[in-house]
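Notes to accompany the following structure.
What follows draws every value from the coordinates through simple rules; no lab data is involved. These numbers come from a predicted model, not from an experiment. Because the Cβ atoms are built from the backbone with ideal geometry, glycine has one as well, and the counts that use them run over all protein chains shown.
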């Protein structure tokens, strides 16, 4: 079996934002940087990262008739975010996604974000030409 690691398929494009940013600002930044998630930075060394996916914005702001200009990112984020190691095998990463019902996660090395991995990354970058 092939042992392809998360670091071989992850995206190096990610955005870290402050939780006080408005959802409207977050949408513009996500569009500008062409990302599907916003990573919310830690407030201090004892804190954890958070995450907001674009579908979170649709579900927690649009569908609930909240104002994107008056809602802060921290109000709709998931925290703590489930993260993975760059050394994790993509098969186990996919199993982790399935078990916890997620579709993407930040990749952390020594507590710092080095990328983001998604099902799309795993399938498109990890399963082509590797005997899967």
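Observations
- Relative contact order [Cα under 8 Å, 6+ residues apart], segment 77-132, whole percent: 30
- Peptide ranges 30-43, 104-117 listed from the most packed, as the mean C-beta count within 10 angstrom indicates: 104-117, 30-43
- With both residues required to sit in segment 6-126, DSSP beta bridges show an antiparallel share near 80%.
- Taken over segment 6-126, the convex hull of the Cα atoms encloses 99 Å³ per residue.
- Along its principal axes, segment 56-132 has C-alpha extents of 48, 27, 20 angstrom, given from the largest down.
- Taking every Cα-Cα distance in segment 15-82 and sorting them into 10 Å bins starting at zero, the pair-distance distribution P(r) comes out as 23, 57, 19, 1 percent.
- Taking a point 7 Å out from the Cα of residue 47 in the direction of its Cβ, the residues of segment 13-30 whose backbone N falls within less than 20 Å of it are 14-27, 29-30.
- Modelled this way, with points 7 Å down the Cα-to-C-beta line, the labels at residue 18 and residue 98 are 4.2 nm from one another.
- Considering only alpha-carbon pairs that sit under 8 angstrom and 6 or more positions apart, the relative contact order computed for the chain is 32 percent.
- When only alpha carbons are used to place a centre, segment 105-129 and segment 64-91 end up 16 Å from one another.
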